[in-house]
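One structure follows; several queries about it will come next.
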Amino acid sequence: MLFLGLDIGSSSTKLAVIDGASGRTLAAVSYPDTELDISSPQAGFAEQDPDTWWECVKQGLAKIAATTSVDLKQIDAVGISYQMHGLVLVDDQQQVLRPSIIWCDSRAVPYGQAALEALGDDYCFDHLLNSPGNFTAAKLRWVQENEPELFARVHKAMLPGDFIAMRLSGEITTTPSGLSEGTFWDYLDRAPAKRLLEHWGMPEALLPTVMPNIGEQSSVSDAVAAELGLKSGVKISYRAGDQPNNAFSLNVLQAGEVAATAGTSGVIYGVTDNNAADRQSRVNTFVHVTDTEAERRNGVLVCVNGTGRLYSWLRQMLATGGEVSYPLLNDLAAKVAVGSEGLVFHPFGNGAERIYQNQNLGAHIRNIDFNRHGLGHMVRAAQEGIVFALNQGFDVLKSLGGSCEVIKVAKGNMFLSDVFAQTFANTTQAAIEVYDTDGAAGAARGAALGSGYYASASEAFAGLDCIDVITPNSAQAGEYQAAYQAWQEQLPRLD
């Protein structure tokens, strides 16, 4: 049997088809080939058209059909991974009412903060495990306050993955993990957060029907199956935000295990069996995709928005005279010593940063010396700055009981850079286990598990092998510690 995974990102949509029997990936494509645009109609705003994501799914499936030997009619179930924290609004005809307010949009920060102050720390951190902050619920509040006529037409408020599931099935559903990432989930009641909704005067009916994270959620409609070239009756049996899904893809399922990714944003994600909460809101806790009534699982998430987004921006700035590749940037960085000869890069130019309590610090490059520093220094300082920013959050995660010995990552994005990977290991002082997988393949495994093809998670990941281990270099520990300390000392002043 074959299983399809969709990974709906803000840069592109990735699709993978795996063979259930072998666990082998038979097809892996991305659409489009260039990065999707993010609209910013005002400073701090970030929006995308949800129907663009749906078009990417359709074109990606057409690409699989045209360029691989995979028969789409053999696919039995679909799993969906998606960019977290976005808000998609539809009317009662399932038509999109406005562009999605996506994860790196900062406009909702004051609304989340006002709710925290009104409802109090005890409610927010005991029941929601987070401040409403800049998450999906606060974005919905922004719409309610600033676009009241549009808000009155809202039938359902969804996350990006819920929207794709709706386009596939015609049914509007969500998951506990999805609601938690929007701060719509009450961890003590194990139900939608009624008190928060009541505080804002929002009916619970705005939320989709709750289905299990892993398990049958709905089916692809006959009309859509015919349009996409799928057979009738394909199940949608897995759904998770991109970071819980990245952890799932790496077989990070049990308390104490840690995953990381360095895509558009950078994340360290530790699984716990506790309702862990950071009352300073520097890290955030969400329902992990493997959570059940019998075995509670949450994920504590450290996030830095300006990760691959910074690297992409840097490449674009340097490419004005011609194409500049990421491997070339990585080679330039490798020729520069640890610490970038004093050049410091603070990577906070992609919206409000959670580890700094939703402040929008902006990116900063410091200590440029025209007589000493070249492009290699700039590139290395950018890579080091991303790692150093993530490590600040990792320290918080460890204080909440997270493991610090092993971090699992996929071979991709910024971990393709030897400099970045070694900086990550030396700064976190953790061994980095590297696996040949990605979010789309993980979602496909989730679909197989959720459909009942695999009897257990251990069976689902039997074919997942570690392809490399990067260990901290003790001989360089002092150099990295000094560079990290210098980076911290020059941080912008926080309010």
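The values are calculated or read from the model by the stated rules, or taken from the named source; none is laboratory data. Not measured: the values here are computed from a predicted model. Cβ sites come from the backbone with ideal geometry, for glycine too, and all protein chains shown count toward neighbours. Heads up: the accessible areas ignore ligands, DNA and RNA and are worked out on the full protein's heavy atoms, side chains in. Shrake-Rupley method; radii C 1.70, N 1.55, O 1.52, S 1.80 Å.
Please list the non-local residues whose amide H lies under 5 Å from the amide H of Leu26, H modeled 1.01 Å from N, same-chain partners needing a gap of 5 or more.
Val17, Ile18, Asp19
For q values of 0.21, 0.25, 0.28 Å⁻¹, compute log₁₀ I(q)/I(0) with the Debye formula on a Cα-only model of the stretch 356-415, without solvent.
Evaluating at q = 0.21, 0.25, 0.28 Å⁻¹ gives log10 I(q)/I(0) of -1.03, -1.15, -1.22.
Given N residues in the stretch 1-148, what is its alpha carbon radius of gyration divided by 2.2 N^0.38 Å? Walk me through the intermediate numbers first.
Working: Rg = 18.9 Å, N = 148, 2.2 N^0.38 = 14.7 Å.
Here the Cα radius of gyration is 1.29 times the empirical estimate.
Past the 19 angstrom mark, what percentage of all C-alpha to C-alpha distances in the stretch 80-167 do you count?
That tail contains 42 percent of the Cα-Cα pairs.
Further question on the same structure: Normalised radius of gyration for the stretch 6-49, please: alpha carbon Rg relative to 2.2 N^0.38 Å, two decimal places.
Values: Rg = 15.2 Å, N = 44, 2.2 N^0.38 = 9.3 Å.
In units of the globular-protein estimate, the stretch 6-49 measures up at 1.64.
Quick one: which of Lys63/Lys411; Lys335/Lys408; Lys14/Lys411; Lys73/Lys235; Lys156/Lys235 span more than 18 angstrom between C-alpha atoms?
With Cα atoms farther than 18 Å apart: Lys63/Lys411; Lys335/Lys408; Lys156/Lys235.
Let me have the 222 nm mean residue ellipticity of the chain computed from DSSP H runs of 4+ only, each contributing -39500 (n - 2.57), with the sum over all residues rounded to the nearest 500.
Details: 16 runs with 166 residues, N = 495.
The helix-only estimate for the chain comes to -10000 deg cm²/dmol at 222 nm.
What shape does the stretch 202-273 have by the C-alpha gyration tensor, where a ≥ b ≥ c are the square roots of the eigenvalues, rounded means a/c under 1.5, and otherwise prolate means a/b greater than b/c and oblate the rest?
On the way: a/c = 2.22, a/b = 1.64, b/c = 1.36.
Prolate is the answer for the stretch 202-273, as a/c is 1.5 or above and a/b outweighs b/c.
Enumerate the aspartates and glutamates that Lys231 could reach by cross-link, defined here as Cα to Cα under 19 Å, with residues fewer than 8 away along the same chain left out.
Asp19, Asp71, Asp76, Glu171, Glu216, Asp222
May I have the convex hull volume per residue, in Å³, for the Cα set of the stretch 260-334?
Numbers: hull volume 8.5 nm³, N = 75.
Once divided by residue count, the hull of the stretch 260-334 is 113 Å³.
Quantify how much of the Cα-Cα distance distribution of the stretch 274-381 extends past 21 Å, in percent.
Working: 3039 of 5778 pairs.
Counting pairs separated by more than 21 Å, the tail of P(r) holds 53 percent.
Measuring from a point 7 Å past the Cα of Ala223 along Cα-to-C-beta, which residues in the stretch 59-97 have an amide N at less than 16 Å?
Zone members listed by number: 91-96.
Right, another one. Charges on Cβ only, +1 for Lys and Arg, -1 for Asp and Glu, centred on the Cα centroid of the stretch 24-126; of Phe125, Gln83, Leu36, which one is farthest towards the dipole's positive end?
Leu36
How large is ³J(HN,Hα), in whole Hz, for each residue of the stretch 436-450 in order, when computed from phi with the Karplus curve 6.51 cos²θ - 1.76 cosθ + 1.60 and θ = phi - 60°, using x for Gly and Pro?
8, 7, 7, x, 5, 5, x, 5, 5, 4, x, 4, 5, 5, x
For Lys231 and Asn371, compute 0.36 nm times the residue count separating them, minus their Cα-Cα distance, and round to one decimal in nm.
In short, 44.0 nm is gained.
What number comes out for the charge environment of Gln316, summing +1 per Lys or Arg and -1 per Asp or Glu over other residues with Cβ under 11 Å away? Walk me through the numbers before you get to the answer.
Values: positive: Arg309, Arg315; negative: Glu35, Glu323.
Residues near Gln316 contribute 0 overall.
Right, something else. What's the carbon and sulfur percent of the stretch 1-139's accessible surface, probe 1.4 angstrom, rounded to a whole number?
Details: 2310 of 4980 Å².
Looking at the stretch 1-139 in its full context, I get 46 percent from C and S.
Can you work out D for the chain in µm² s⁻¹ from Stokes-Einstein, where Rh is the Kirkwood radius over C-alpha pairs, the temperature is 20 °C and the viscosity is 1.002 mPa s?
Values: Rh = 22.7 Å.
My calculation gives 94 µm²/s for D.
Exactly which trypsin sites (Lys or Arg not before Pro) in the stretch 229-298 are in a DSSP loop and have at most 14 other Cβ atoms within 10 Å?
Working: sites: Lys231, Lys235, Arg239, Arg279, Arg282, Arg296, Arg297; in loops: Lys231, Arg279, Arg282, Arg296, Arg297.
For trypsin sites (Lys or Arg not before Pro) across the stretch 229-298 that sit outside H, G, I, E and B with at most 14 neighbouring Cβ atoms in 10 Å, the list reads Arg279.
Under 12 Å Cα-Cα from Lys139, which aspartates and glutamates qualify once same-chain neighbours fewer than 8 residues away are excluded?
Cross-link targets: Glu47, Asp105, Glu147.
Which percent of Cα pairs goes in each bin when the distances of the stretch 366-453 are cut into 5 angstrom slices starting at zero?
Bins of 5 Å from zero give 3, 12, 17, 17, 15, 14, 10, 7, 3, 1, 1, 1, 0 percent of pairs.
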